[in-house]
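See structure below.
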Amino acid sequence: MSQKRKSSVRHTRAVRVAQSKHVPAPPPAADVEARLTELIHPTTYAQLALFRRLGLRNRLLTLPVMVALVVSMIWRQIGSACELVRVLEREGFLWTSRLRVTQQALSDRLLHFPAVLFERVLLDLLPVLHARWRERTRPVPPEVLHAQAYFDRLLIFDGSTLDVLLRKLKALREMPVAPLAGRMGALLDLASRLPVHLWYEPDAQAHDHRFIERLLTALRPRDLLVFDAGLLDFDWFEQLTHKCVAFITRPHANLVYTVVEALQQTHYLRDQIVEVGSATRQRLRLVEVVYQGQWYRYLTNVLDPVVLPPDLVAALYRRRWRIEEAFLVVKRLLGFAYLWVGAENGIQLQLWATWLLYAVLIDLTDAVAQELDVLFEAVSVEMVFRGLYHFTTAYQRGEADNAVTYLAHEARSLGILKRPRKARQLLLSSP
């Protein structure tokens, strides 16, 4: 498919999303509002000093008001500034009381409000959510439990191209093809799926290698990083090893290597120590396993099979696909595929706010998993989000007052608890 055709398809999808979001969802029940307020409000007020240092004046649309507005705009799927103004005047949002502002004032604020403030709110909230995850007790997959005994953090990284900009600005309308909004890089916790670090790159054509320096800064010794072949680079491997960061990735089919030692070899498994690279030879471990009649290969700098047995190398790499699911939630479920403005600052504002809500949604899903005493992956994040509509309805009828309890009790009828699959489908995804 040509680039022009791809852009046209993305633009059509974005328009459909925009058209479907002009009728906002009802306000969340008090329990959901309390959860959002408890988590987001304190981190918002913690940024007031930065708000003042940036020279921003305390007008009507202050930092707490803006965070409440943007969070509610995404959470309730309000598709236009015009509708946002109406709802603000009649209902208010979260911790913000009813307020009368003009559409022009709000639009200008969405365009120019410093996105770094929203980024700081997100970064301050993430440690809180990670701590809540660690405090909960719910089943954990065996490969994750094993790896956690040897590594401090299990991480996944990937990049994703953002969708096209809706051509509302004159400069964008004059372009023959709607431009893409840039690229985002995400470093997620492998077990919880919560973000650890997020980055924005305005160049939509940028390769994932553009994020390497930022990744190195974020990584720590005793981390285990899982990433795809897009970051296959022997210099990058050497930097990770030098920093005492373990990794698992997939090599290209034309990988050139020399076998140093065969650790294990059967009809369905090959585990070998190999040397790769030309300028500087590196010792890595090449694990090859058969899945549905096809061989799959993995590279890791963990040379000890006791630390990472070959079957666990494959199982942990399969969990890399969880980051693709995270991108799907952010873009499609939470609406980041529909970009409000064409300015870089506005794109980042929406980016940080959407990932903020993603993190809160993951925290809620984990609470439901704990209530059900099941693996986190047995619970559908999408259906938890959609189930909040039914909880709000039940709350208004006086039939429920706690979101987690309600969603867990109605997990099967609402599709929150995923249906069992056939044995051949139980793997998280193909290797």
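Could you count how many residues in region 85-104 are over 16 Å from M73 (Cα atoms) and of a type in the set (G, A, S)? Summing the residues that are over 16 Å from M73 (Cα atoms) and of a type in the set (G, A, S) in region 85-104 gives 0. In the set Y338, Y298, Y317, only one residue is hydroxyl-bearing (S, T, Y), part of a loop (DSSP other than H, G, I, E, B) and crowded, with 18+ Cβ neighbours inside 10 Å; that residue is Y338.
Filtered by the rule that a residue be at pLDDT 70 or above and not charged (D, E, K, R), region 338-347 gives Y338, A343, N345, G346, I347. Each residue in region 69-101 was checked for being in contact with a helix residue (DSSP H, G or I) (Cβ under 7 Å, 6 or more places away or on another chain), more than 23 Å from L48 (Cβ to Cβ) and β-branched (V, I, T), and 2 pass.
Taken over region 244-278, residues that are closer than 21 Å to V196 by Cα and either in contact with a Pro (Cβ under 7 Å, 6 or more places away or on another chain) or assigned to a loop (DSSP other than H, G, I, E, B) (or both) amount to 2. On the given criteria, is T365 of a type in the set (S, T, Y), crowded, with 17+ Cβ neighbours inside 10 Å and in contact with a strand residue (DSSP E or B) (Cβ under 9 Å, 6 or more places away or on another chain)? So T365 fits the description; yes.
Among the residues of region 279-295, those that are part of a loop (DSSP other than H, G, I, E, B), closer than 22 Å to V245 by Cα and not small (G, A, S) comprise T280, R281.
Out of the residues in region 380-402 meeting the condition of being assigned to a helix (DSSP H, G or I) and of a type in the set (A, V, I, L, M), tell me which one is surrounded by the fewest Cβ atoms within 10 Å (Cβ to Cβ).
A394
Considering region 34-76, the residues that are of a type in the set (K, R) and assigned to a loop (DSSP other than H, G, I, E, B) include one that is modelled with the highest pLDDT, namely R76.
Scan region 218-239 residue by residue and report those that are more than 15 Å from Y317 (Cβ to Cβ), at pLDDT 95 or above and not basic (K, R).
A218, L219, P221, D223
Taking the conditions (1) modelled with pLDDT of 85 or more; (2) part of a loop (DSSP other than H, G, I, E, B) in turn, A178 satisfies each one other than (1). Considering the conditions (1) at pLDDT 95 or above; (2) in a helix (DSSP H, G or I); (3) of a type outside the set (S, T, Y), R120 is excluded by exactly one of them, (1). Within region 360-396, the residues that satisfy the criterion of being small (G, A, S) and more than 16 Å from E135 (Cα to Cα) are A378, S380, G387, A394.
Selection of region 351-379 for residues being under 17 Å from R419 (Cβ atoms), in a helix (DSSP H, G or I) and of a type in the set (A, V, I, L, M, F, W, C) yields V368, A369, L372, F376, A378. Have a look at T217, T241 and point out the one that is in a helix (DSSP H, G or I), β-branched (V, I, T) and over 17 Å from R283 (Cα atoms). The unique qualifying residue is T217.
Against the test of being at pLDDT below 70, over 18 Å from L88 (Cα atoms) and hydrophobic (A, V, I, L, M, F, W, C), the options V17, V23 yield a single qualifying residue, V17.
The values are calculated or read from the model by the stated rules, or taken from the named source; none is laboratory data. As the structure is a computational prediction, the values presented were derived from the model and not from experiment. Neighbour counts run over all protein chains shown; Cβ positions are idealised from the backbone, glycine included.
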